[in-house]
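First up is the structure itself, then whatever we jot down about it.
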Amino acid sequence: MNITRAAMWESGRALIAEYPAEFDRANQGEHIEDLLRRFRNRRLADTVYRVGRDLFRKLGPGDRVIGALRLQIKHGVAPKGTTAALAAGLLFRAADDAGKLFEDDARFAAVLGERGPQAMLFEVCGLDPGARAEGEVIERVTELYERLRDESRREIALSELAQQVGATSG
């Protein structure tokens, strides 16, 4: 959960900077820990399939990951955990109980396979390669995507990522 916690704290720090009258370190910390407890609670039955599916929407320019990423960039928060989450999102392939991918996610995977991660980051996520910070994100996510995609290097890549983002959480 180090990468998840780091990404959440990156967003938390950006929210504190954007809305200082509403958010502070204490309430963001409480919120993050509450969410992490919920993620671990099997009784909630919120499956990975349901939470992660619909990649075209969830990786879209105004949704969860990219919206948080842009707010982090705006406030000078280094998005190490968020770029790792984005790279993992590109690789998300969870199936339902019947073993079937969500139809749009199967299409997402096909387009990604044809066009590559940089095209998806530009066309689906709306990242601008001409904007310095977003261009750096595209490069970093593409590098992480390639490392995570290679099964023989995945565990090493995840371990290195966890160490890199560990210093930035909280």
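Run through every distinct alpha carbon pair of the stretch 89-128 and return the Kirkwood hydrodynamic radius in angstroms, one decimal place. Spell out each step's value before the answer.
Working: mean 1/r = 0.0929 Å⁻¹.
It is 10.8 Å.
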Under the classification rounded if a/c is under 1.5, otherwise prolate if a/b is larger than b/c and oblate if not, where does the stretch 1-96 fall, given a ≥ b ≥ c as square roots of the Cα gyration tensor eigenvalues? oblate
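Working out 0.36 nm times the residue gap between SER159 and GLU103, then minus their Cα-Cα distance, what length gain in nm do you get to one decimal? Intermediate values should be presented prior to the final figure.
Details: separation 56, 0.36 × 56 = 20.16 nm, distance 3.15 nm.
Net length gain for the segment: 17.0 nm.
Against the 2.2 N^0.38 Å scaling, with N counting residues, where does the stretch 35-150 land? I'd like the Cα-based Rg ratio to two decimal places. Could the numbers behind the result be given before it?
On the way: Rg = 14.6 Å, N = 116, 2.2 N^0.38 = 13.4 Å.
Ratio of Cα Rg to 2.2 N^0.38 Å: 1.09.
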In Å and on Cα atoms, what radius of gyration and Dmax does the stretch 1-50 show? 12.5, 36
Relative contact order (%) - criterion: Cα under 8 Å, at least six apart; region: the stretch 1-157: 25 percent
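If each DSSP helix of 4+ residues adds -39,500 (n - 2.57) and the sum is divided by the residues in the chain, what number results at 222 nm, nearest 500 deg cm²/dmol?
Values: 10 runs with 118 residues, N = 170.
Computed mean residue ellipticity for the chain: -21500 deg cm²/dmol.
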Can you compute the FRET efficiency between ASP96 and TYR19 using 1/(1 + (r/R0)^6), with r the Cβ-Cβ distance and R0 = 30 Å? Round to the nearest 0.05. 0.20
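Sorted by mean Cβ packing within 10 Å, highest first, what order do the peptides 59-67, 134-142, 95-103 take?
Working: 59-67: 16.1, 134-142: 18.8, 95-103: 11.2.
Most protected by this proxy first, the peptides run 134-142, 59-67, 95-103.
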Can you tell me which of 106-115, 32-41, 70-79, 121-130 comes out highest on packing, and rank the rest after it, using the mean Cβ neighbours within 10 Å? 70-79, 121-130, 106-115, 32-41
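We did not get these values from a lab; they are worked out from the coordinates using the rules stated. As the structure is a computational prediction, the values presented were derived from the model and not from experiment. Here the Cβ is made from the backbone with ideal geometry for all residues, glycine too, and neighbour counts use every protein chain on show.
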